[in-house]
1. Please work out the ratio of the alpha-carbon Rg of region 170-231 to 2.2 N^0.38 Å and round it to two decimals.
2. For region 2-287, what D do you get in µm² per second when you plug the Kirkwood radius from alpha-carbon pairs into Stokes-Einstein at 25 °C and 0.890 mPa s?
3. Please report the equivalent ellipsoid semi-axes of region 1-76, computed as sqrt(5 x eigenvalue) of the Cα gyration tensor, largest first, in whole Å.
4. What is the chain's relative contact order, in percent, from Cα pairs under 8 angstrom and six or more apart in sequence?
5. I'd like to compare 64-70, 188-194, 173-179: which one has the highest average count of other Cβ atoms within 10 Å, and what's the full order after that?
6. If I model a spin label at MET175 and PHE248 as a point 7 Å from the Cα along the Cα→Cβ vector, what separation in nanometres do I get?
7. Where does the chain land at 222 nm, in deg cm²/dmol rounded to the nearest 500, when only DSSP H runs of n ≥ 4 count, each adding -39500 (n - 2.57), divided by all residues?
8. Once phi is turned into θ = phi - 60°, what whole-Hz ³J(HN,Hα) does the Karplus curve with 6.51, -1.76 and 1.60 give for every residue of region 70-82, x standing for Gly and Pro?
Amino acid sequence: MDIFIYGIFNSISLALMALGFALVYGISRVPNFAHGALYVVTGFLTWGFLRTLHLNYFLSILLAMLITGIAGALIYQLILVRVRGMAISEIIASYAMGLAIIEGFRWWGFKGMTYTLPVFVEGSITIGDIPIDWQRILVMAVGAAVVGFLWLFTHYTKIGLALRGMAQDERASLMLGIDSDRMAVVAMSFGAMLAGLAAIMLLPLGNIVVEKGYDVLILAIAVCIVGGLGSWMGAVVASFLIGFAQIFTVVYLGAHFQMVVALLAIIVTLVLRPSGLFGRQKELEERV
């Protein structure tokens, strides 16, 4: 029972970390390697608004996510748009931005284990003799709601349908009057806010450390590669595969092998099925 409960929690946590990365690549075909840095930015901004400016917790969260969304849009508008279409340059530029942000926080003194966010709901509940705190239950509920919202948003809103059109066929979308760069900016901003949402939900369970940005980026890449780059539903499926594999590894081998599972998943997928589980070209609508 503990493997089942914490496997679901770990899987949904991975999905929250990876959905923003998958969405951005699926729409703009730009791999946002600053994804982990944006995750950390939201955590530190929320902490700063809450502890330094003494703002309301939920107001701090809203301001932090808004700033993170703007930062994502600016990263594309000022840097990535200039190298779009050059795959290696896209990776180098976005990773350089993420590295500058993360190491900038370290240089400014944001290091150590002193930065924490309060949980939304105190206490715990027992399910099948297994104690689980309410924050983790909230994470699972929010993760399921985000997946449902993304499906509804991309199928029943004008902007969502435009994003799907860009993901399916960029040239045809351009002929129909959809601005490719504008949709890419929207995707980057939305993806950054999804990374921020993951930070807001998961960081209260631990400390805010700059190194977490690298971990989140690796996990997001692993999930997206296994699920198929550009397929956010594939990312959800891959999250459960990797999530349960990590929990089994923790139970039977030890917690220090948890990241090894993600790295092995990347290697095995690239060797056996480079396109991932849902990376095939025959079902374009599965990308978004």
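Just so it is clear, none of the values below were taken in a lab; they were calculated from the coordinates. Remember, it's a predicted structure, so these values are computed and weren't measured experimentally. Cβ sites come from the backbone with ideal geometry, for glycine too, and all protein chains shown count toward neighbours.
1. On the way: Rg = 15.6 Å, N = 62, 2.2 N^0.38 = 10.6 Å.
Taking N as the residue count of region 170-231, the ratio is 1.48.
2. This corresponds to a translational diffusion coefficient of 128 µm²/s.
3. Working through the eigenvalues yields semi-axes of 25, 22, 8 Å.
4. 35 percent
5. Descending packing order for the listed peptides: 188-194, 64-70, 173-179.
6. Taking the two extended label points, one gets 4.7 nm.
7. Values: 11 runs with 195 residues, N = 288.
One gets -23000 deg cm²/dmol as the mean residue ellipticity at 222 nm.
8. Coupling constants for region 70-82: 5, 4, x, 5, 5, 4, 6, 5, 9, 10, 5, 4, 7 Hz.
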